[in-house]
Amino acid sequence: MSARARTRRPRPIALVAAGTVACAAACAAIGRAPHAAQPGPRPGGWLDAETAARVARNPPLPPVPPDPTNRWADDASAAHLGHLLFFDVGLSATQSVNCATCHAPAYGFSDRRALAVGVGTGTRHSMTVLNAAHQRWFTWDGRADTLWSQATQPFESPAEMNTPRATVLAHVLEDPELLEAWTRTFGAPPAVATPAEVDESFARLGKAIAAYERKLVTGPSAYDRWWTRRAAGDPGADQELTDDERRGLALFFGKANCFQCHHGPNFSDGEFHMLGLPEPDGGPPRDAGRYAVVDRVRTDPMNAAGPHSDDPRGPVAQVSASLARTPERWGEFRTPSLRNAAETPPYMHAGQFASLEDVVRFYSTLEGAVALDHHRESVLVRLDLTARERRELVAFLGALTGTAPPLPWGDAPVRRRPAPSKGARNPGG
Amino acid sequence: MAASACACAGVGAHGAPQSPVPPRDAGWGVHLATFDALDDVRAAIPAPDGSIVAALGAGGVVHVAKDGARRAVVAPWPSGGILEAVALARAPDGRLAVVDRAGGAVALIAEDGAGVASRLVPRTGDGRAMRPVGVAFDGTTAYVADGASPVVAACDGAGTVIRRITLPAPADGLPPVLGDVAFASGALAVTDAANHRVTFLSPANGAVTASRGDRGAFPGMWQTPAGITTDGTWFFVTDRYNHRVVRIDARGETVDQWGQHAVKPREGDGRIHYPLRAVHGGGPAPASPASRVAVAEPFERRVQVFGPNDPSAAPAPRMTPLPSMDGVASHFSTELALDGRTLAVYEPESASVLVFDLRNEPPIHVTTLGGPGRAMGQFGQVSAIAVDEAANRLWAVDPVRGVIAEFALLRDGRAPRFDPFMPRAVREASLAAIARKAAAATPGLPASIHPVDLERLPGGGFVLLDRTGPRLIGLDRDLRFAWCAHGWPGAGAMRLPAQCALDGAARLLVTDAAGPVVRAYSATDGAFLRAWNVPGSPRLFGVSAVPGGVALSDARHDAVRIVALGEPADAGDLATGGTTGSKPGELWQPASLAWSAADARLFVADHGNHRLQCFTDRARWESSFGIGRAWVRPRDPGATAPVNPPARLPSADGAADTRAQFPEATDAGDGWRAVRSNSGAFTVRWRWAGGAVKVRDPFGVEVEARTADGSPVAASLRFDAVMPHHGHGMNVNPAVEDASPGAWRVRNGLMHMPGRWELHFDLTTPDGDRTERAQDTVELP
């Protein structure tokens, strides 16, 4: 096991909090009062003290945290292999679907559809892969506890790629470029002699894809530039945001309460919540979300506690092994990151809302929200924002759009020889 | 149920596992008819001619024609011979089977009013009586569900048990409590009210073929599934506290639902309120236009009949969207207790006990005990409450979790206001331990207790009023079995005991739902003393001593009666208050009541109106309140309409301060914290296993427990962390390992939100009979 497995816990929010606490502790240790300079914009002007304190806890993204469950997470060869795999249609039954079908670079690594369409039509909206390495759980219901484990799931899913793992690995063996990249990463061709070897090779395939996905981080957004300049005391910091964006920021961290769930550098608490969103067809609620997968996460052989994890007793594994399925989990979905949200319509787990305006209007009016009985108080409170306030909030969300991931990662790889295909379906190219 | 006309077409042969789901139809739930004024109705079976036959508890069985004309099929108890008619089914020979729960039998009757023709009296494996709650037929085999143990007894025509089918408890679940049974196409279906499940079993070997459910309102979830019935193809489940009937297939998958939860009292026309049982009748189905389901709603004293949608119509999606209301409205049940200025009332839909402080007008809801769950301090269902304010203790009897739970209140001397951190779960005593001793004293009776009331005695002990038997069970101050009284002859024989209360002469008064009688027993050994008739009140419920008399709630006539229990055999009328209705001062099925000497008011659980009402000791209405708007009698004697009480800031005058009873945890060095258990019996030391804990990071805890003399506590530990003000705990199940006697190690806890968390260290004795809690608080930034 590599030294990486023994690094400290890869939790960006905890790192930030730890940094803040350490700073205050250090100040106290040397006899100075903990100064107002937690890193972050200071109060004053259009930000009151309370809002400024919240903003301070939402800095730009730190470096991607380590993933001890994947020993190849930061391996360059693995990332190259994963890059090839991500865009290779040969891994699907129809030879026409790859990861980029639903996670297309031109569409913010999503697909502009309400429901994903791979080999068949799915039941959920495609989440973006951008900044996924900063997340704690993966997919809308969190059925994968690691990035590499999620990467293995679409292959065998009937609506996504509908290909058994043995066939996927056979394709790797048959494609010279893939085989070369594989061997360079793992030291030998994929072992497929027994079911156990197939499972381990399949897990490694996921780890390579995860290594690639860890490269898909966005560059600074207008918000990040503003935050950094303001934290440095730059008087011109506010120029990074338009008036609407600034007012939207104040709403986001103030009376609109968005920060309650969308907080932290990745603008997500990483947790699961039930909002009472309407079903797309308006019928009774049907998608059980987190509730339906908790047992599966606990017993999944591909989870962080399983035989293919490189940190089977680490913190992620501990949580996965002890998850509790309680009735309150019904209908809960993961808080998605809001970074680059303006690039990835439609929104919510089944693409119920076509635009950010629709999203903000839902939170403001709660119109159409499902309440199955009047004894349960909703997590959400009606905001009754004015049209102008809703516009400002949408503007602020646009200020969270960061620059695209660097090349070569941010686009399809250049292949030595195009993989055989029946016609790739990559939206946007 | 049309067992003779086999409705198996396309579904699979008898005895075989269920084949795939039949094609969907146009849906169910068209409201066809309402039958009102059926007091204490428990079940009704519809007939093709639009009539119903209804079971009315101790009120017998009646036939109600489509035009409302009634005739008795079985006269009320005692003349009809059925003590508690709770369920109905069609036997294969066309006779009506009536389940007599308190009578321990299934009575077979002819509908021409000739009365009970025969009885099936199945016994358990050890020769005890059953407490039947439902019956289903497969040819001549009758499947009788036992409400006292998770067993369905297959009986022949003579009532001899030929096979027993046991419903297994789910992993990490509670012992099942059966609600009802149905049989169709080779599958036995039962509802489990304790685990909120519907389970399908093979009648041949008891193998579970499908089992679905959890507590909730979403598809596939239930809140106390009570009845289950079938048209031979589909199964209809009465989802009691979700106020709906749900149609499921033989795999337990939801097909559709109907009910439109009634929001206003007495709202009907297809809207359902606390349905208890649905029974199928009419055509043999699946698509017979005469197919009917009758839904009994005792809460509304009515039966509503529903049918299938017109097949030519497009199926409509069925759900019960409701306007969300600000805050949670009260839905008080029948149970209420008070002492001094502390009042507690049970709310079944949230499985919690609400505590009110009576020093304010209207009384302030200061805290909530429990909430649904299986852990200490949570409730499956509360059937009795007691309060002792001077001792700072409340008790709740929970027959589903099988405990008597003891709580204390941490009060800080300030003016009363809502404080979610006030409750302290002190200890829990196992009902099974009490039941074992009671069962040994009363062979032949069902082995489990069916507690309906608990009375705290001045000496510190208790009396439990038990419908099994019925019995009176005396407990000592440690909630241990002390004595048991049962089988009084003649006038002393209680039948369907409802409530009990001590009167001024230290006698235990017991009301009976089976007749207009109040009986008095000794509170020290349960000996029968005497009885009084209460003419005109055939269904009594609550009882409480008031100055110069006794207050009774008349659940049949929606009234409060103040009577004198003296020498004459008939109780003497002193006053009557309340009339049928929902306005302030009106009552709908008044239930438990209690006199507050400190307040000089009689508090009545106005169960059918979801509120509490106050009367004087001569039954004059004074005020009403719940969670929401309160009403009081206007001060101006010329005014007639009730008014809202004048706004008044709650005062700290007379506020209790009990903080000294619960010393805070202390720093014990080296990261350890020491805290006394809530009962004071032992001390717990604990510390984080790996240094300070951050939000969302898994953590471990080292725990030790010692008695006052320093000996390690021999017990098993359950650890939990909860946020009382949010109403939730952790999303993980931490693992606990024994480290050494009196020491444990907890792994894999995780607190997923910042804020204030309560840590619970619950220690259970090796015999499982007693659990006690120590607790501490942490703040996660």
**Prompt:** Can you give the mean number of other chain Cβ atoms that lie within 10 Å of the Cβ atoms in peptide B:697-707?
**Reply:** 2
**Item:** For B:Val177, residues with placed amide H under 5 Å, excluding near neighbours
**Value:** B:Ala193, B:Ala194, B:Asn195
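For chain B, what is the mean residue ellipticity at 222 nm derived from helices alone (per DSSP H run of n ≥ 4: -39500 (n - 2.57); sum divided by total residues; nearest 500 deg cm²/dmol)?
Value at 222 nm, helices only, nearest 500: -500 deg cm²/dmol.
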**Prompt:** Could you give the distance between the Cα centres of region B:660-709 and region B:548-588, to the whole Å?
**Reply:** 52
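Would you mind putting B:743-755, A:226-238, B:505-517 in packing order, based on average other-beta-carbon counts within 10 Å, highest first? Numbers along the way, then the final one.
Details: B:743-755: 19.3, A:226-238: 16.3, B:505-517: 20.9.
Ranked from most to least packed, the peptides come out as B:505-517, B:743-755, A:226-238.
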**Request:** List the equivalent ellipsoid semi-axes of region B:576-635 in whole Å, largest first, each obtained as the square root of 5λ for an eigenvalue λ of the Cα gyration tensor.
**Result:** 16, 13, 12
**Alpha-carbon spread of the protein assembly as shown, three principal axes, descending order, Å** = 103, 77, 65
**Message:** What is the percent carbon and sulfur in the accessible area of chain B, measuring with a 1.4 Å probe over the protein chains and ignoring ligands?
**Reply:** 53
**Request:** Can you tell me which of A:88-96, B:55-63 comes out highest on packing, and rank the rest after it, using the mean Cβ neighbours within 10 Å?
**Result:** B:55-63, A:88-96
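Would you mind getting the Kirkwood hydrodynamic radius of region A:209-336 from its Cα pairs, rounded to one decimal in Å? It would help to have the intermediate numbers written out before the result.
Values: mean 1/r = 0.0546 Å⁻¹.
That comes to 18.3 Å for region A:209-336.
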**Asked** Which whole-Hz ³J(HN,Hα) couplings does region B:635-643 yield from phi under the Karplus relation 6.51 cos²θ - 1.76 cosθ + 1.60, θ = phi - 60°, glycine and proline marked x?
**Response** 5, 5, x, x, 7, 10, 7, x, 10
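How big is the B/A interface in buried accessible area, both sides summed, 1.4 Å probe, to the nearest 100 Å²?
Values: alone 29590 and 19310 Å², together 45880 Å².
Buried area between the two chains comes out at roughly 3000 Å².
For a distance above 24 Å, tell me the whole-number percent of Cα pairs in region B:94-246 that qualify.
On the way: 3441 of 11628 pairs.
Counting pairs separated by more than 24 Å, the tail of P(r) holds 30 percent.
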**Message:** Taking the Kirkwood radius as the inverse of the mean 1/r across Cα pairs, report the Rg/Rh of region B:402-454.
**Reply:** 1.23
**Message:** At a 10 angstrom cut-off on C-beta neighbours, averaged per residue, how do the peptides B:331-344, A:49-62 rank from highest to lowest?
**Reply:** B:331-344, A:49-62
**Message:** Using only the alpha-carbon atoms, what does region A:167-282 span along each of its principal axes? Please give whole angstrom values in decreasing order.
**Reply:** 62, 44, 22
**Item:** Karplus-derived 3J(HN,Hα), 6.51/-1.76/1.60, for each residue of region A:163-175, Hz, glycine and proline x
**Value:** 10, x, 4, 4, 5, 4, 5, 4, 5, 4, 5, 7, 9
**Message:** Would you work out the Kirkwood radius for chain B? I mean one over the mean of 1/r across all pairs of different Cα atoms, in Å.
**Reply:** 27.4
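Enter the mean number of other protein chain beta carbons within 10 Å of the beta carbon of each residue in B:210-219, as an integer. Spell out each step's value before the answer.
On the way: counts 0, 0, 0, 1, 7, 3, 11, 8, 12, 8.
Across B:210-219, the average partner-chain Cβ count within 10 Å equals 5.
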**Complete:** In nm, the gap between the two label points placed 7 Å beyond Cα toward Cβ at A:Arg382 and B:Ala75 is 5.9
**Fill in**
Listed by chain and number, the lysines with an alpha carbon less than 22 angstrom from that of A:Lys207, same-chain partners under 8 positions apart left out, are A:Lys215
**Message:** Under 5 Å between amide hydrogens, which residues at least 5 positions from A:Asp310 or on another chain qualify, with H placed 1.01 Å from N in the peptide plane?
**Reply:** A:Asn70, A:Arg71
**Fill in**
Measure of exposure for B:Lys694: accessible area at 1.4 Å probe, Å² rounded to 10, is 90
**Prompt:** What average number of partner chain Cβ atoms lie no more than 10 Å from the Cβ of the residues making up A:278-289?
**Reply:** 3
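The values are calculated or read from the model by the stated rules, or taken from the named source; none is laboratory data. No experiment lies behind these values; they were computed from the predicted model shown. So basically every Cβ, Gly included, is an ideal-geometry build from the backbone, and we count neighbours across all protein chains shown. The protein model used for the area step is the full one, side chains on, heavy atoms only, and it has no ligands, DNA or RNA in it. Shrake-Rupley method; radii C 1.70, N 1.55, O 1.52, S 1.80 Å.
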